[in-house]
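Inspection log for the structure reproduced underneath, given as C-alpha cells.
The values are calculated or read from the model by the stated rules, or taken from the named source; none is laboratory data. Since this is a predicted model, take the numbers as computed values, not measurements. Positions of Cβ are generated from backbone atoms using ideal geometry, with glycine treated the same way; all protein chains shown enter the neighbour counts. Ligands, DNA and RNA are excluded from the accessible area calculation, which covers all protein heavy atoms including side chains. Shrake-Rupley method; radii C 1.70, N 1.55, O 1.52, S 1.80 Å.
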Amino acid sequence: MTTEKLELFEVFIRSKRGLDHKHVGSLHAEDHAQALEYARDCYTRRSEGVSIWVMKSNDICASQEDDAESFYDPSDDKPYRHATYYVLPDPVNNM
Amino acid sequence: MSDAIKAATLEYATRLGDDALVLGHRISEWVSYGPFLEEDIAYANVSLDYVGRARMFYTYAAELAADGRTEDDFAYMRSDRDYHNLLLLEMPRGDFAYSQVRQLFADVYYSLVLPELVKSKDERLAAVAAKAIKETKYHVRRSRDWVHRLGEGTEESHKRTQKAVDQLWGYTHEMFDMDDTEQLLADNGIGVDVSKLRDQWHKDVSAILTEATITVPEDSWAVRGGRTGYHTENLGHMLTELQIVHRSHPGCQW
C-alpha cells in the first residue's frame with residue numbers, strides 16, 4: 001500500500017490549556033478519524049498536547065508567493081496605519 | 001501471603017508478562033514494514049505499550065521469586081517450554097489483516113480482563129492493570145477501526161480479513177481456560193476468572209466483525225497448551241531472535 005490513495009492532513013496541537021493550537025506538521029490518513037489517531041501517535045508521543053485539531057490540507061486556501069507584491073507592498077507607504085505615526089498630545093501619557 | 005498464593009501469583013505475573021512480551025514482539029516485527037509511515041509509527045507505539053506491560057509484570061515476578069533473577073532473566077533466559085503465553089499471541093505476524101484480526105481478538109480480551117484485574121487484592125497487579133486499561137482503550141479503537149476498514153475495503157482486503165478470522169478463531173478458546181493456579185487466585189480475589197468473560201468477548205467481537213461484513217465462525221476446532229508450555233513451532237523461532245543478543249553477550253551493558 002502506498003500513500004497515494006490517502007489524503008494529506010495538517011495537524012494542530014494545543015500544548016496547554018489557555019494556549020493556541022499551533023501547527024506542528026502534516027500526515028497521511030484515510031479520513032478525519034484516522035488522521036486524529038495518527039496525530040496522537042506521531043505528534044504527542046512525549047506529552048506535547050492536551051488537544052488536537054486535524055484538517056484536510058486541501059481545505060486550506062493559502063496566499064501565493066507570486067501575490068506578495070500586490071498583497072503586502074501597498075501597506076509599506078501607509079505609515080499612518082501604525083499607532084507610532086501619531087504624535088500624542090502631552091496630557092495623554094499612557095498609550 | 002501464604003506460600004501457595006505466592007507461588008501462584010509468581011506464575012500468574014509471569015504468564016501475563018509472557019502474553020505481553022510475545023504479542024509486543026510480534027507487533028514490533030512490523031516496524032519499518034508498515035503499510036505506510038503513519039501506521040508504522042502508530043503500531044510501534046502499541047508494541048511499546050505491550051513490552052512496557054511485560055516489564056512491569058516481570059519486575060513483579062522477579063520480586064516474588066526473590067532468587068536474584070531480574071526482569072531480563074525472565075524475558076531472555078527462559079526457553080519456549082518455560083513460556084506460558086497464549087498460543088494466539090505467538091502466531092507469526094502474517095499479512096496486515098492477520099495481524100489486525102489477532103490484535104482485535106487480544107485487545108477486546110484485555111478490555112474485559114483489565115477492568116477485573118484492577119480490582120485485584122494484589123496491589124501490584126491492580127496498579128499494572130490501572131495503567132494498562134488506558135492503553136487498551138486506545139488499542140481496541142485502533143484494531144476495531146482496522147478490521148472495519150479491511151472488512152469493508154476491497155474484495156482482496158475482505159477476503160484476507162475473513163481468512164485471518166477463520167484461521168485464528170480456534171486459538172481464541174484457550175484465552176478463557178482456567179487451571180488450578182488461576183482458580184486459586186480467582187477464589188482469593190487476586191486473579192481474574194476469565195471463564196466468565198467468554199460470552200461478553202464473543203458478543204463484542206461478533207458485533208465488530210458483523211459490522212465489518214465479516215462472518216463470525218462457528219466454534220469447531222480449538223488448540224490449547226500455551227499455559228502449560230506446549231507451544232506451536234512459532235514461539236521457538238521467535239525467542240531465538242528475541243534472545244540472541246542477550247544470550248550471546250551475557251551481562252553486556254551499553
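Of all residues in the stretch B:217-240, those that are farther than 11 Å from B:D80 by Cα and either buried (at least 16 other Cβ atoms within 10 Å of the Cβ) or touching a residue at least 12 places away in the same chain (Cβ under 8 Å) (or both) total 9. Residue count for the stretch A:1-34 under the criterion of being facing another protein chain (nearest Cβ under 8 Å) and free of Cβ contacts under 8 Å to residues at least 12 places away in the same chain: the result is 4. Taken over the stretch B:47-84, residues that are touching a Leu at 6+ places or on another chain (Cβ under 9 Å) and within 14 Å of chain A (Cβ to nearest Cβ) amount to 1. Taking first residues from the stretch B:141-153 that are among the hydroxyl-bearing types (S, T, Y) and partners that are not in a helix (DSSP H, G or I), no Cβ contact under 9 Å between residues at least 6 apart in sequence or on separate chains turns up.
In the condition set (1) farther than 30 Å from B:A97 by Cα; (2) away from chain B (no Cβ under 14 Å), A:K56 is compliant with all but (1).
Residues in the stretch B:128-178 that are among the aliphatic types (A, V, I, L, M) and within 23 Å of B:P35 (Cα to Cα): B:V140, B:V147, B:L150, B:A164, B:V165, B:L168.
Only a single criterion out of (1) more than 14 Å from chain B (Cβ to nearest Cβ); (2) part of a helix (DSSP H, G or I); (3) surrounded by 10 or more Cβ atoms within 10 Å (Cβ to Cβ) is not satisfied by A:E69, namely (3).
Okay, residues lined up against (1) over 29 Å from B:R141 (Cα atoms); (2) modelled with pLDDT under 85:
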site: A:E10; (1), (2): no, no
site: A:R14; (1), (2): no, no
site: A:K22; (1), (2): no, no
site: A:G25; (1), (2): no, no
site: A:D31; (1), (2): no, no
site: A:S47; (1), (2): no, yes
site: A:S75; (1), (2): yes, yes
site: A:P79; (1), (2): yes, yes
site: A:A83; (1), (2): yes, yes
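In this structure, A:R45 does satisfy being facing another protein chain (nearest Cβ under 10 Å) and either under 21 Å from B:F36 (Cβ atoms) or among the charged types (D, E, K, R) (or both). Within the stretch A:1-31, being open to solvent by 90 Å² or more (accessible area, probe 1.4 Å) and under 20 Å from the mean Cα position of the chain (by Cα) holds for A:K16, A:R17, A:D20, A:K22, A:H23.
Per-residue answers, yes or no, for (1) surrounded by 16 or more Cβ atoms within 10 Å (Cβ to Cβ); (2) without any contact (Cβ under 8 Å) to a residue 40 or more places away in the chain:
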| position | (1), (2) |
| --- | --- |
| B:L23 | yes, no |
| B:E38 | yes, yes |
| B:A42 | yes, no |
| B:D49 | yes, no |
| B:A54 | yes, yes |
| B:S79 | no, no |
| B:L86 | yes, no |
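Just so you know, in the stretch B:167-210 the residues that are loosely packed, with under 15 Cβ neighbours inside 10 Å and among the polar types (S, T, N, Q) include one that is farthest from the chain's Cα centre (by Cα), and it is B:T210. When A:K56 is tested against (1) in contact with an Asp or Glu (Cβ under 9 Å, 6 or more places away or on another chain); (2) over 30 Å from A:L6 (Cα atoms), only condition (2) is not met. Assess whether B:A164 counts as being open to solvent by less than 20 Å² (accessible area, probe 1.4 Å), more than 22 Å from the chain's Cα centre (by Cα) and farther than 26 Å from B:K119 by Cβ. Spelling it out, it is not the case that B:A164 is open to solvent by less than 20 Å² (accessible area, probe 1.4 Å), more than 22 Å from the chain's Cα centre (by Cα) and farther than 26 Å from B:K119 by Cβ. Evaluation of A:E37 against the conditions (1) more than 27 Å from B:I41 (Cβ to Cβ); (2) of a type in the set (D, E, K, R); (3) within 14 Å of chain B (Cβ to nearest Cβ) shows that the sole unmet condition is (1).
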